[in-house]
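Structure record follows, encoded as structure tokens.
The values are calculated or read from the model by the stated rules, or taken from the named source; none is laboratory data. Worth saying up front: this structure is predicted, and the values here are computed from it rather than measured. Cβ placement follows ideal geometry from the backbone for every residue including glycine, while neighbour counts extend to all protein chains displayed.
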Amino acid sequence: MATPLLTAVEIDEALRALPGWTFERDALAKEFKFGNFREAMSFMVRVSFEAEALNHHPEWTNVYHRVAIRLNTHDAGGKVTLKDVNLARKIQGLSWVE
């Protein structure tokens, strides 16, 4: 069964509760800046457990103390679904930086 896509209104509504997240190039996106590399890696490990539990994995990059995350649903044509919003909420809850 296909995962339903979110409308622009639903995405805007979700973003209001996700500080610092944006909608760009068909994905929810945010860059986190930590105090150092160890903090960034610790955050990524914590997120990996949540992503695995949801069976929904981020596209992300890490350079030193920065972690950039993009979320969209590949089996929905690379568009945003409720899976992305749910993972963004989990990620936001794990973050100790803005």
Under 7 Å by Cβ, and 6 or more places apart or on different chains, what pairs join a residue from the range 21-41 that is touching a residue at least 40 places away in the same chain (Cβ under 8 Å) with one that is in a loop (DSSP other than H, G, I, E, B) and of a type in the set (Phe, Trp, Tyr)? Leu28/Trp21; Ala29/Trp21; Lys30/Trp21
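If I ask for residues that are part of a helix (DSSP H, G or I) and of a type outside the set (Gly, Ala, Ser), which ones from the range 3-18 would you list? Explain how you work it out, then say what you get.
As a first pass, look at the range 3-18 and keep what is part of a helix (DSSP H, G or I): 8-16.
Passing the criteria: Val9, Glu10, Ile11, Asp12, Glu13, Leu15, Arg16.
Any chance you could count how many residues in the range 10-27 are at positive phi and among the acidic types (Asp, Glu)?
Initially, the range 10-27 is screened for residues at positive phi, giving 20, 25-26.
Now narrow it down to the ones that are among the acidic types (Asp, Glu): 26.
The number of residues fulfilling the criteria is 1.
Out of curiosity, is Phe43 crowded, with 16+ Cβ neighbours inside 10 Å and outside any strand (DSSP E or B)?
On the way: crowded, with 16+ Cβ neighbours inside 10 Å: yes; outside any strand (DSSP E or B): yes.
Criteria met by Phe43.
Just checking, how many residues over the range 51-98 are assigned to a helix (DSSP H, G or I), touching a residue at least 40 places away in the same chain (Cβ under 8 Å) and of a type in the set (S, T, N, Q)?
Count: 1.
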I'm trying to understand the selection: among the residues of the range 83-97, which are over 24 Å from Leu5 (Cβ atoms) and among the β-branched types (Val, Ile, Thr)? Val97
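Matching residues to (1) out of contact with any Cys (no Cβ under 9 Å at 6 or more places or on another chain); (2) surrounded by fewer than 13 Cβ atoms within 10 Å (Cβ to Cβ); (3) at pLDDT 95 or above:
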site	(1), (2), (3)
Met1	yes, yes, no
Ala29	yes, no, yes
His57	yes, no, no
Ala68	yes, no, yes
Pair list, Cβ under 6 Å, 6 or more apart: the range 3-17 residue within 18 Å of Leu54 (Cβ to Cβ), other residue part of a helix (DSSP H, G or I) and at pLDDT 95 or above: Ala14/Val85
